[in-house]
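Peer 1: I'd like to ask you about the structure that follows.
The values are calculated or read from the model by the stated rules, or taken from the named source; none is laboratory data. Being a predicted model, the structure only gives us computed values, none of them experimental. With ideal geometry, Cβ positions are generated from the backbone for all residues, glycine too; neighbour counts draw on all protein chains shown.
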Amino acid sequence: MKRVLNDFRPFLGLFCASTGRKLLGGAALAALTGLMGMALLGLSGWFITATALAGLVPATAWAFDVFMPSAAIRLFALGRTAARYGERLVTHDATLGLLAALRGRLFRGWSAPGAARALAMRPARLLFRLTADVDALDTVYLRVLVPLGTTLVATLAAGIALAFISPALGVAVFAVLMLTGTFVAGITARSATPATLRRAARIETLRARVIDLASGQTDLLMAGRIPAQRAALAEVDARLAADDHRLNRIEARAGLAHGLLAAVLPALVLVAAAAIAAGGHIGAPGVALALLITMAATEPFAALRRGALDFARARLAARRTGPALLCAAFPVGAEPAPGLAAELHHVTLRHDAALAPILRDLSLSVREGEHIALIGPSGVGKTSVIQCLAGDLPPTAGSVRVTATARLTQRTELFRDGLRENLRLGAPMASDAQMMAVLAQAGLESIIHALPSGLDTELGDGGQGLSGGQARRLALARLMLRDVPLWLLDEPTEGLDGETARDVLARLRHAAGNRATITATHIRREAEDADRLLILGDGGIKASHIRGSPGFEAALNDLRPD
């Protein structure tokens, strides 16, 4: 039980912080609906029986009060309808609000340092978890907590009502309902757990293999692996169907158990109530009341049964999303001192699972408008410094102060969407005129005008439809839309031919203007216009050369030529 509570603790904390009052109000309305239904059924049975018996004798027929019970029946009927409507309205509104808050918290958690690398390694799985796990968590409230609360209230109310007829009968019915209902729900949840967990894993596998088949069909066709991939999909689908069949059998057995409870318990209560009536303690209307209240008390167990089946899936979702809920987003560092764009003081950087830090005791100050190039052999930490300044790699020691930044990574990240939407990733509120201006700066204006749909042109996956140089220019245009004091450039012309690379660099330098830039590079053309060269190595800065110094040209000569 303690482990279950620990798994759900982050979710329950969000539960209380976001829409806790609404959720509790919805649960209360659900319990009120159940109570109104029990009262309506029990009073109706008592009234019909009492009316029939009173009508047998003219004297009692004239004296029998039909108005108060009939008015109470109307009150319970209208009250149940209103409570049911309010319960559906409040619970669904509260659940949607809770799921919206959950998605927002997960996005903030998955925007923490290092999350982008994990997402890039397993995008399909994390996207599936963001959607399927969040959907599974609404089970906790709608199919577990609300039915559980309604069942407890209905069971307690039935026990109290029957205790007025006979205390022993009330206690017995309460105990049987609690023990039997709890036992059936617990056995159902335990029996369904293995199949539920296997089903969740196989749905992920099926989704991933379908994506592999769709995105890699050309390579699979060339390798003659299409039939094998289809066979693998069919095998996973068959196992998934077997898990569904297993869960259906468990649900059927749980339904049978609840059906037996709903049939046997009222029959036993009827026998007990008849015995009490034979002793003269209650009449036939009291027997009808006891019978119908018992029947109504067994109804909430049907809703709880479905929640027991889905509980394992909800717990798995809570376990997987819990760390992201508890993870705070990367805190924005304080602004650097006046006149500086960035400051690093005695910073140590270590990547996840790395045996040793890649950089130790690194200190660096970047002036406003200064252009710095980070150079050195591959693996010395050039990109790590860029990641640290961008907030994607938090330091394990030291402090980072940096102004607002924009980053151009080694890869050109374009999406299957329109040109306009790809540009708006850099500035969501940018106008078409601003977009055309930066496209002209990036050297794409004539190409965009030649396209039939202009900015509405749709790109394929990864920017298909554009050449490598055009895609890089589009990424550059997106960077230019970001009006920030510091640009972080990670090998901005890698993979481009010499002529295209020099043109891109010229446009980049012109667009930078008074902004500070930090460029991680091992190519001469990307470093030759820097104001300062920083040579990284041995876990820190080995040397620093200012433009015009003898070491500056020597360091440039050690870089890869154009």
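Peer 1: If you go through the stretch 482-511 one residue at a time, how many are surrounded by fewer than 22 Cβ atoms within 10 Å (Cβ to Cβ) and part of a loop (DSSP other than H, G, I, E, B)?
Peer 2: 9
Peer 1: Sticking with this one: Identify, from the list 389, 444, the residue that is surrounded by 17 or more Cβ atoms within 10 Å (Cβ to Cβ), in contact with a Ser or Thr (Cβ under 9 Å, 6 or more places away or on another chain) and assigned by TED's automatic domain parsing to the domain that holds residue 513. Break it down stepwise before answering.
Peer 2: Details: 444 fails: in contact with a Ser or Thr (Cβ under 9 Å, 6 or more places away or on another chain).
Answer to the selection: 389.
Peer 1: Cβ-Cβ under 9 Å, sequence separation 6+ or interchain: first residue in the stretch 539-562 and touching a residue at least 40 places away in the same chain (Cβ under 8 Å), partner part of a helix (DSSP H, G or I) and among the aliphatic types (A, V, I, L, M). Which pairs?
Peer 2: 555/527; 559/527; 562/501
Peer 1: When the residues of the stretch 332-363 are narrowed to those that are more than 38 Å from the chain's Cα centre (by Cα) and aliphatic (A, V, I, L, M), which ends up nearest to residue 407 (Cα to Cα)?
Peer 2: 340
Peer 1: Any idea how many residues of the stretch 193-236 are among the small types (Gly, Ala, Ser), at pLDDT 85 or above and touching a Lys or Arg at 6+ places or on another chain (Cβ under 8 Å)?
Peer 2: Result for the stretch 193-236: 3.
Peer 1: While we're here: Which residues, taken from the stretch 270-317, are outside any loop (DSSP other than H, G, I, E, B) and β-branched (Val, Ile, Thr)?
Peer 2: Within the stretch 270-317, 271, 276, 287, 293, 294 meet the criteria.
Peer 1: For the stretch 288-320, which positions are out of contact with any Lys or Arg (no Cβ under 7 Å at 6 or more places or on another chain) and over 22 Å from residue 153 (Cα atoms)?
Peer 2: Once the filter is applied, which keeps residues that are out of contact with any Lys or Arg (no Cβ under 7 Å at 6 or more places or on another chain) and over 22 Å from residue 153 (Cα atoms), the stretch 288-320 yields 312, 313, 314, 315, 316, 317, 318, 319.
Peer 1: Can you work out which of the residues in the stretch 532-562 that are outside any loop (DSSP other than H, G, I, E, B) and basic (Lys, Arg) is nearest to residue 484 (Cα to Cα)?
Peer 2: Going through the qualifying residues, I end up with 532.
Peer 1: Another question, then. Looking at residue 529 and the list (1) free of Cβ contacts under 8 Å to residues at least 60 places away in the same chain; (2) in a loop (DSSP other than H, G, I, E, B); (3) acidic (Asp, Glu), which single condition is not satisfied?
Peer 2: So residue 529 meets the others, but not (1).
Peer 1: Next question, about the same structure. In this structure, is residue 31 modelled with pLDDT under 85 and not basic (Lys, Arg)?
Peer 2: So residue 31 does not fit the description; no.
Peer 1: Ok, one more. When you scan the stretch 390-404, do you find a residue that is farther than 30 Å from residue 108 by Cβ and touching a residue at least 24 places away in the same chain (Cβ under 8 Å), even just one?
Peer 2: Checking the stretch 390-404: not a single residue is farther than 30 Å from residue 108 by Cβ and touching a residue at least 24 places away in the same chain (Cβ under 8 Å).
Peer 1: Something else now. How many of the residues in the stretch 191-217 are of a type in the set (Gly, Ala, Ser) and either surrounded by 16 or more Cβ atoms within 10 Å (Cβ to Cβ) or under 24 Å from the mean Cα position of the chain (by Cα) (or both)?
Peer 2: 6
Peer 1: Scan the stretch 72-127 for residues that are surrounded by 17 or more Cβ atoms within 10 Å (Cβ to Cβ), under 18 Å from the mean Cα position of the chain (by Cα) and modelled with pLDDT of 70 or more and jot them down.
Peer 2: The answer is 94, 95, 98, 99, 102, 105, 106.
Peer 1: Kindly indicate whether any position in the stretch 168-180 is over 30 Å from residue 270 (Cβ atoms) and among the small types (Gly, Ala, Ser).
Peer 2: no
Peer 1: Could you count how many residues in the stretch 413-453 are within 17 Å of residue 469 (Cα to Cα) and among the small types (Gly, Ala, Ser)?
Peer 2: The total comes to 5.
Peer 1: Check off (1) out of contact with any strand residue (DSSP E or B) (no Cβ under 9 Å at 6 or more places or on another chain); (2) over 19 Å from residue 526 (Cα atoms); (3) at pLDDT below 85 for residue 429 and give me the number that stays unchecked.
Peer 2: Failed condition: (3).
Peer 1: Okay, moving on. Testing residue 313 on (1) modelled with pLDDT under 85; (2) within 15 Å of the chain's Cα centre (by Cα), one condition comes back false. Which one is that?
Peer 2: (1)
Peer 1: Next question, about the same structure. In the list 337, 341, 353, which residue meets the criterion of being modelled with pLDDT under 80 and out of contact with any helix residue (DSSP H, G or I) (no Cβ under 7 Å at 6 or more places or on another chain)?
Peer 2: 353 is the lone residue from the list that is modelled with pLDDT under 80 and out of contact with any helix residue (DSSP H, G or I) (no Cβ under 7 Å at 6 or more places or on another chain).
Peer 1: Going by what's in this entry, would residue 188 be described as in a helix (DSSP H, G or I) and either basic (Lys, Arg) or within 29 Å of the chain's Cα centre (by Cα) (or both)?
Peer 2: The answer is yes for residue 188.
Peer 1: Regarding residue 378, is this residue without any contact (Cβ under 8 Å) to a residue 40 or more places away in the chain and either hydroxyl-bearing (Ser, Thr, Tyr) or surrounded by 15 or more Cβ atoms within 10 Å (Cβ to Cβ) (or both)? It would help to see each step written out before you state the result.
Peer 2: On the way: without any contact (Cβ under 8 Å) to a residue 40 or more places away in the chain: no; either hydroxyl-bearing (Ser, Thr, Tyr) or surrounded by 15 or more Cβ atoms within 10 Å (Cβ to Cβ) (or both): yes.
Against the criterion (without any contact (Cβ under 8 Å) to a residue 40 or more places away in the chain and either hydroxyl-bearing (Ser, Thr, Tyr) or surrounded by 15 or more Cβ atoms within 10 Å (Cβ to Cβ) (or both)), residue 378 does not qualify.
Peer 1: Say whether the condition of being buried (at least 19 other Cβ atoms within 10 Å of the Cβ), modelled with pLDDT of 80 or more and in the same structural domain as residue 12 (by TED's automatic domain parsing) is met by at least one residue in the stretch 317-331.
Peer 2: The answer is yes; a qualifying residue exists.
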